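Working notes, structure below.
Only the coordinates and a few stated rules stand behind these numbers; no lab work does. Being a predicted model, the structure only gives us computed values, none of them experimental. Backbone-built Cβ (ideal geometry, glycine too); neighbour counts: all protein chains shown.
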Amino acid sequence: MAQDEPTSAALSVRAVSKTFVTKPVLRGIDLVVPAGEAVCLCGINGAGKSTLLRVIAGLLRPDSGSIAIQGYEVRREPEKSRRQLGMISHAGMAYPELTVSENLAFAARLYGVPRRAERIEELLAGTGLTSYRYDRAEILSRGLQQRLAIARALLHRPAVLLADEPFTGLDAAATQDVCTIFDRFARDGGTILMTTHDLRLGLQCCRRVAVLDQGVLILDASKDRIDTRRFLDDYLSYARTMS
């Protein structure tokens, strides 16, 4: 693949497998996501969702298969692929003793973000953190910490955003704010792969659903091609009947 040329797939996962000791966690996963699309990755605990996100992010090495982000293969070009990626995980990755602005300024320097001050102001406003800019991260509520995590993930204008349970601990208002941020990101051409146990939120934020079952991707479909009522009622049984 010509690594410096644009590709129609923002995220490409090909035949990815991962085993821990003797337990297969991912079994030949294929997932291709174009720019501007948001995918909700569903599955019960232990299905392999977080493992897949960590493999895509380059935090875990797959046993086989390949991952490319904007055409850059994660294994062969880790630095280039990492710059195309933003990640929201269970760990917020903020420095607790630094203020909101200081956290963003530090991350901006790491990524070499141009016009850092302007970009930070833009994100503070976009995530509703302007009035908290001088607060240390350690005193923020769970919802505000999540907004900071999102601002940090979007700071360097990534092409692909990985969001692992981004709504955990958020109240209704904060949840809708996050949905708005995700919608704006996708409308601007960003690609999202998220996991959430709240399927209603997943379907609200995403146009496509994928279901992992025991490490196998058993359903990958556009939202408008599934029976939403049946999916919300029992997505796993519904996906199994479709596989």
Fraction of beta bridges assigned by DSSP in the chain that are antiparallel (%, nearest 5): 55
Relative contact order of the chain, please, whole-number percent, based on alpha carbon pairs below 8 angstrom and at least 6 residues apart. 26
For the stretch 94-157 (alpha-carbon point model, no solvent) the Debye-based log₁₀ I(q)/I(0) at q = 0.13, 0.22, 0.23, 0.28 Å⁻¹ works out to -0.27, -0.79, -0.86, -1.29
Working out 0.36 nm times the residue gap between residue 76 and residue 222, then minus their Cα-Cα distance, what length gain in nm do you get to one decimal? 49.5 nm
Given 0.36 nm per residue, what is the gain on full extension from residue 229 to residue 122 after removing their alpha carbon distance, in nm? 34.7 nm
Helix 116-126: inclination vs the chain longest Cα principal axis, degrees, rounded to 10, gives 70
Relative contact order (%) - the stretch 128-192, alpha-carbon pairs under 8 angstrom, separation at least six: 35
In order through the stretch 54-65: 3J(HN,Hα) via Karplus (6.51 cos²θ - 1.76 cosθ + 1.60), integer Hz, x for Gly, Pro: 5, 5, 4, 6, x, 7, 10, 8, x, 6, 7, x
Over the stretch 79-178, what is the relative contact order in whole percent, taking alpha-carbon pairs under 8 Å and six or more residues apart? 45
Once every DSSP H run of n ≥ 4 in the chain is given -39500 (n - 2.57) and the sum is divided by its residues, what mean residue ellipticity at 222 nm do you get, rounded to the nearest 500 deg cm²/dmol? -10500 deg cm²/dmol
The long-range amide H neighbours of residue 208, using H built 1.01 Å from N in the peptide plane and a cut-off of under 5 Å, are 38, 40, 223
Ranking request for peptides 213-222, 153-162: highest mean number of other beta-carbon atoms within 10 Å first, then the rest in descending order. 153-162, 213-222
Please arrange 13, 21 by how many other C-beta atoms lie within 10 Å of their C-beta, fewest to most. 21, 13
If you plug each phi of the stretch 237-243 into the Karplus form 6.51 cos²θ - 1.76 cosθ + 1.60 with θ = phi - 60°, what whole-Hz ³J(HN,Hα) values come out, in order, with x for Gly and Pro? 5, 4, 5, 5, 6, 8, 7
Hey, which of these cross-link pairs are over 27 Å Cα-Cα: 80/223; 49/80; 49/223? 80/223
What are the ³J(HN,Hα) couplings of the stretch 66-82, residue after residue, when phi is run through the Karplus curve with 6.51, -1.76, 1.60 and θ = phi - 60°? Round to Hz, x for glycine and proline. 9, 10, 10, 10, 6, x, 8, 6, 4, 6, 7, 10, x, 5, 5, 5, 5
Cβ-based exposure ranking for 138, 122, in which fewest neighbours within 10 Å come first: 138, 122
Quick one: dipole size for the chain, taken about the Cα centre, charges +1 on Lys/Arg Cβ and -1 on Asp/Glu Cβ, in debye to the nearest 20. 360
At 7 Å along the Cα-to-beta-carbon direction for both residue 23 and residue 176, put a label point, then send me their distance in nm to one decimal. 4.0
Using alpha-carbon coordinates, inclination of helix 172-187 to the longest axis of the chain, degrees: 80
Given H placed 1.01 Å from N in the peptide plane, which residues other than close sequence neighbours of residue 161 have an amide H under 5 Å from its amide H? 86, 191, 192, 193
